[in-house]
Amino acid sequence: MGQYILKRLLLVIPTLFGVAVLVFVLLRIAPGDIVELKYAGSGTFAPKEAIERERVQLGLDKPVWQQFLNWSWGIVRMDFGISMWTGRPIAEEIRIRLELSLQLAIMATLVAILIALPCGTLAALKQDTWVDYLVRIFSIGGLAVPSFWLGIVIILMFLIFFKWLPPLTFTSFWTDPLANMSQMIWPALAVGYRYSAMATRMTRSAVLEVLGEDYVRTARAKGLRENAVVLKHALRNALLPIVTIIGLEFAFLIGGLVVTEQVFNLNGIGMLLVESITHRDYTMTQALVLLVSFAFIGMNFFLDLLYVWLDPRIQY
Amino acid sequence: MSGSTRASNTNEASQRHGRMTSFRPQRQWQGVLRFVQKRPLGAVGAAIVIGMAIAALLAEVIAPFDPLQNDYGAMFHAPGATHLLGTDSFGRDVLSRLLYGSRTALWVGFSSSFFASTVGAVLGVAGAYFGGKVDLLLQRLLDILISFPLIVLALVVVALLGSGIWNVIVAIAIPMIPRAALVLRSSSLALRQMLFVEAALTLGAGHARVILSHMLPNVVAPYLIILTAFLGQAILLEASLSFLGLGVAEPTAAWGLMLRGAAVDFAERAPWMAFFPGLAISLAVFAFNVFGDSLRDALDPKLRVP
C-alpha cells in the first residue's frame, strides 16, 4: 500500500511537468505580447525603449528555456511569482478566488448528489415505468440545458417577480453566512442540476447492474426489508462508479465554471483564467492551468485511495 | 414524416456496419419502423435534428426578416404577429436570427465533431497498432490533454488562435480528440491480434495500408457513436465560447452570441431575447444527445462515451 502510494505520487510529477511544458510553449507561440497589450490598453504612445525596459523587467528578454527553468524552479519552491498584468503575487490572487470557486464546487456537488442518488436509485428500482422515464428525461435535460442559460433564467425570474439582482460583490461565508448562501445557492443549483445528469445516469446503471446479482436475491430471500436491501446491499456495492464520476466532476468544477461565473458575476478561478488568457498574462495563466490539471490528477489519486476504503476487496 | 427520413439514415449506417457484425440486412422502411418503435425518444431526437437541418438549409426562405438588418424603429418588440419571437436591442428579428443561428450551430457542431473523431480515430488506431513506445508516448500526451475540462482547453486554444469560425471549430475539436482517441484505441486493441491483420502484414502491406484499409473500417461503429456523442457537446461548447465573446463574432447569427451582452442587460425589458436562444440550444443539444444515445444502444450498448 505504502509502496503503491509512493509510486503513484512519483507518476504525478511527469504528468504535471508535461502540462507545464505544454502551456509554457503554447503561450509563447501565441500571437500577442503582454507588454504590447498593456500599452495598447493604456492608450498612450509607448516608446520602444519603454517596451524593452518592461520586457527586461518581466524577464521576457531571456531565452525561452531560461525563462522556463526560472519559472519551474519557482514552482518547485511553491513560489508562483507575480502576475505580469497586475503585478501582485499570484498565490494571493488565486487564494482569494479559490475560496469562491471551491465553495461553489462543493455546493454544486452536494446539489448533484442530492439529486442523483435518490433519482438514480429510484429509476433503477422502477425500471421501465413512468418514474424511470421521468428521471431519464430529467437527466437528459440536465445535459442539454446550458447551465449559464439556466442561470440567466433563474436571475430573470427573480428580477421579474421579486425585483432582485445578484449582488455585485462577493460576501465570504465566514463574514456573513446568510448573505453568502443567498448569493451562492442559485449558481450552485444551476450548475448542480447540470452535473447531476451524469451522476444520475451512472447511479441508475450501476444500481441496475447490482440488482441482478446473487447477493441481492439472497438478501431479499432471507426476508430483509426492502430498504436494507437497497441501501446496504445494492447502493453500497454500486457506489464505486458513482463516486468516481462525482469526484471527477468536482475536480472539473474548480476551473471549469468559466461561463456560469460570468453570468452570476462571480469572480472565481474560471473568470480569472479567461482574463489572464486574454491579457496574455503568462505567469498567471501558467499557474492556473497547472492548478486545474493538478485538481484533476489529485482527484484521480484521491479516488484510488478511496476505493480501498469503500471496497475492502481492492488491494494495491 | 421528417423523423422517418432521418431514421432511415441511421438505418443505412447500421446496415453498412451490419455487414461486419451480426445485423441482418433489412428493407429500409422496416428498419425505420423498428427504430421508431423501439427507440421513440431517439426518433424524437432525430425529428428535431431534421427540423434543425431544414431550418438551416432553408433559412433564406423561412426566415421572415434579414437576421443582420438593424431596424431602430422596431427595437425590443415583444413577441407578436409580425415578430413571432420579438426583436432584440437592434430591432433584429429574433426568430430569423435563431433560424440563421442553427446554421452556425450545425456547421460548427458537425465539422468539429467530425474533425475530432477522425483525428482521434487515426491516433487511437495507430497507437493500438504500433503499441510499445509510440503507444506509451501517445497515451501520456493524451492523459495530459484529458486532465483539462473541455471548456478550459477550448478557451486556451481559441485564445491562441484568435476568434473566427474556423478557429472555433479547431478549438472545440482539440479537447475532444484525446477522448475520442482513448475510446477508439481500446476498441482497436483486439483488432491488432486478429488474423486478417497478421495476414495483411505477411502479404507485405505497409503500416498505412493496414491501418487505413484493415483496421479503421472495423471501428466504424464506435467511431459513429463517438461522433454523434460529440455533436451535442460541440454545439454547447460553441454556444459557451460565443457567449464569452471568444467564439463566432458579431454580427453573425449564433445562439450563444444572442445570449450575450444586451440580452442580459435588458433582461427585464425584453426577456424573450435571452429566453429563446437558450431554448434553441437546449433543444438542439437534447435532440443530438438522445439521438446519439439511441444510436449507441443500437450499435454497441457497452461502449462508454467520455
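The numbers here are math on the coordinates, done by the rules we state, and not lab data. It should be emphasised that the depicted structure is a prediction, and the values quoted were computed from it without experimental measurement. We place every Cβ from the backbone using ideal geometry, glycine too, and count neighbours over all the protein chains shown.
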**Item:** Other-chain or far-sequence residues with amide H under 5 Å of A:ILE82's (modelled H)
**Value:** A:ILE90
**Asked** ³J(HN,Hα) across the range A:154-162 via Karplus (A = 6.51, B = -1.76, C = 1.60, θ = phi - 60°), whole Hz, x for Gly/Pro?
**Response** 4, 4, 4, 4, 5, 5, 6, 8, 10
**Item:** Dipole of chain B, positive end: most advanced residue of B:GLY45, B:PRO271, B:THR118 [Cβ charges, Cα centre]
**Value:** B:THR118
**Fill in**
Per residue of B:159-166, other chain Cβ atoms within 10 Å number on average 3
**Message:** Taking loop as defined by DSSP and a crowding limit of 13 other beta carbons within 10 Å, which trypsin sites (Lys or Arg not before Pro) in the range A:26-124 fit?
**Reply:** A:ARG77
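Just list whichever of A:LYS232/B:LYS38; A:LYS232/B:LYS302; A:LYS126/A:LYS232; A:LYS38/A:LYS62 have alpha carbons separated by over 23 Å in the model shown.
A:LYS232/B:LYS38; A:LYS232/B:LYS302
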**Asked** Considering every residue in B:278-284, what mean count of other chain Cβ atoms within 10 Å of its Cβ is obtained?
**Response** 4
**Centroid-to-centroid separation of the range B:111-169 and the range A:118-135 [C-alpha atoms, Å]** = 36 Å
**Item:** Tilt relative to chain A, helix A:282-310 - C-alpha long axis, 0 to 90 degrees, to 10
**Value:** 20 degrees
**Request:** State which helices in chain B qualify, where a helix is a whole DSSP H run, it must extend 18 Å or more along its own axis by its Cα atoms, and its mean Kyte-Doolittle hydropathy must be at least -0.5.
**Result:** B:40-57, B:94-130, B:132-146, B:165-192, B:220-244, B:272-299
**Message:** If you fit an axis through the alpha-carbon atoms of helix A:236-256 and take the longest principal axis of the Cα set of chain A, what angle between them do you get, 0 to 90°, nearest 10?
**Reply:** 20 degrees
**Request:** Just name one of B:SER89, B:THR252, A:GLY256: the one whose Cα is farthest towards the positive end of the charge dipole of the protein assembly as shown (beta-carbon charges, Lys/Arg +1, Asp/Glu -1).
**Result:** A:GLY256
**Request:** Relative to the longest principal axis of the C-alpha atoms of chain A, give the angle of the C-alpha long axis of helix A:90-125, reported between 0 and 90° and rounded to the nearest 10°.
**Result:** 20 degrees
**Prompt:** What list of ³J(HN,Hα) values in whole Hz, one per residue of the range A:220-235 in order, does the Karplus curve 6.51 cos²θ - 1.76 cosθ + 1.60 (θ = phi - 60°) give from phi, with Gly and Pro shown as x?
**Reply:** 5, 5, 7, x, 5, 5, 4, 4, 5, 4, 5, 6, 8, 9, 7, 4
**Message:** How big is the dipole moment of chain B about its Cα centre under a simple scheme where the beta carbon of each Lys and Arg is +1, that of each Asp and Glu is -1, and everything else is neutral? Debye, nearest 20, please.
**Reply:** 1280 debye
**Asked** Taking the alpha-carbon centroid of each part, what is the distance from the range A:275-296 to the range B:272-287 in angstrom?
**Response** 31 Å
**Item:** Charged-residue dipole, Cβ positions (Lys, Arg, Asp, Glu), the protein assembly as shown about Cα centre, Debye nearest 20
**Value:** 1960 debye
**Request:** Please report the Cα spread of the protein assembly as shown along all three principal axes, rounded to whole Å, starting with the longest.
**Result:** 75, 71, 63
**Message:** Multiplying the sequence separation of A:VAL56 and A:TRP73 by 0.36 nm and subtracting their Cα-Cα distance, what value in nm do you get?
**Reply:** 4.2 nm
**Item:** From phi via Karplus (6.51, -1.76, 1.60), per-residue ³J(HN,Hα) for the range A:194-208 in Hz, x at Gly/Pro
**Value:** 4, 7, 6, 4, 4, 5, 4, 4, 5, 4, 4, 6, 5, 5, 4
**Request:** Would you work out which of B:LEU236, B:GLY162, B:ALA181 lies farthest towards the positive end of the dipole of the range B:157-272? Charges go on Cβ: Lys and Arg +1, Asp and Glu -1.
**Result:** B:ALA181
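Dipole of chain A, Cα-centred, from +1 at each Lys and Arg C-beta and -1 at each Asp and Glu C-beta, to the nearest 20 debye?
So the dipole magnitude of chain A works out to roughly 740 debye.
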**Relative contact order (percent, whole number), the range B:112-178, Cα cutoff 8 Å, 6+ residue spacing** = 49 percent
**Prompt:** Among the lysines, which have Cα under 25 Å from the Cα of A:LYS7 when same-chain residues fewer than 8 positions away are ignored?
**Reply:** B:LYS133
**Message:** Under 37 °C and 0.692 mPa s, how fast does the range A:64-204 diffuse according to Stokes-Einstein, given a Kirkwood radius computed over C-alpha pairs? Answer in µm²/s, whole number.
**Reply:** 181 µm²/s
